[in-house]
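Okay, so here's the structure we're looking at.
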């Protein structure tokens, strides 16, 4: 949701491609995926991973429900840890991440089917958006089809 940093978006695209994500959905307000910094940071993965841009959250949820896909909000206040959730991962899932500065708005979190957090050691404030996305994509992809 509204990714602001081109380096983060490029890294997310690169990780998503390398780790087996099926695609990427960008909300309005996200950085241009064709900006030079995104293209550089994606290391060519931009041309390998399907993605759509300017998709409003309500449209995402409606489309996901039509195909029995679960929406998962990744948030520090998630009810389940990624470790707990990944064991019960629905076959069709879309993970929703917030932007670098503000995370996900409460109205988006509450409309998602699940709220999940990445557990961290005490005293750690947060993870970078691209790092969080890579961890989640790896866990989800590996749970469904182990990456060799």
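The values are calculated or read from the model by the stated rules, or taken from the named source; none is laboratory data. Remember, it's a predicted structure, so these values are computed and weren't measured experimentally. Please note: Cβ atoms are built from the backbone with ideal geometry, for glycine as well, and neighbour counts cover all protein chains shown.
Before moving on, here are some points about what is shown:
- Contact map, the stretch 42-57: residues that are touching a residue at least 40 places away in the same chain (Cβ under 8 Å) paired with residues that are surrounded by 15 or more Cβ atoms within 10 Å (Cβ to Cβ) and assigned to a loop (DSSP other than H, G, I, E, B), Cβ distance under 8 Å, separation 6+ or inter-chain. Pairs shown: 57/1; 57/27.
- Looking only at the stretch 75-116, and only at residues there that are outside any loop (DSSP other than H, G, I, E, B), on the phi < 0 side of the Ramachandran plot and within 12 Å of the chain's Cα centre (by Cα), the one that is surrounded by the most Cβ atoms within 10 Å (Cβ to Cβ): 96
- When residues of the stretch 114-135 are limited to those that are in contact with a helix residue (DSSP H, G or I) (Cβ under 8 Å, 6 or more places away or on another chain) and farther than 12 Å from residue 75 by Cα, the one modelled with the lowest pLDDT: 128
- Residue check, residue 61 modelled with pLDDT of 95 or more, closer than 18 Å to residue 23 by Cβ and in a helix (DSSP H, G or I): no
- Of the residues examined, residue 26 is one that is touching a residue at least 12 places away in the same chain (Cβ under 8 Å), farther than 19 Å from residue 118 by Cβ, buried (at least 19 other Cβ atoms within 10 Å of the Cβ) and out of contact with any helix residue (DSSP H, G or I) (no Cβ under 6 Å at 6 or more places or on another chain).
- The one condition in (1) outside any loop (DSSP other than H, G, I, E, B); (2) within 12 Å of the chain's Cα centre (by Cα); (3) in contact (Cβ under 8 Å) with a residue 40 or more places away in the chain that residue 13 fails to fulfil: (3)
- Flag if residue 139 is touching a residue at least 40 places away in the same chain (Cβ under 8 Å), more than 19 Å from residue 30 (Cβ to Cβ) and either within 16 Å of the chain's Cα centre (by Cα) or in a strand (DSSP E or B) (or both): yes
- Hits in the stretch 126-136 (condition: part of a helix (DSSP H, G or I) and either in contact (Cβ under 8 Å) with a residue 24 or more places away in the chain or in contact with a strand residue (DSSP E or B) (Cβ under 9 Å, 6 or more places away or on another chain) (or both)): 129, 130, 132, 133, 134, 135, 136
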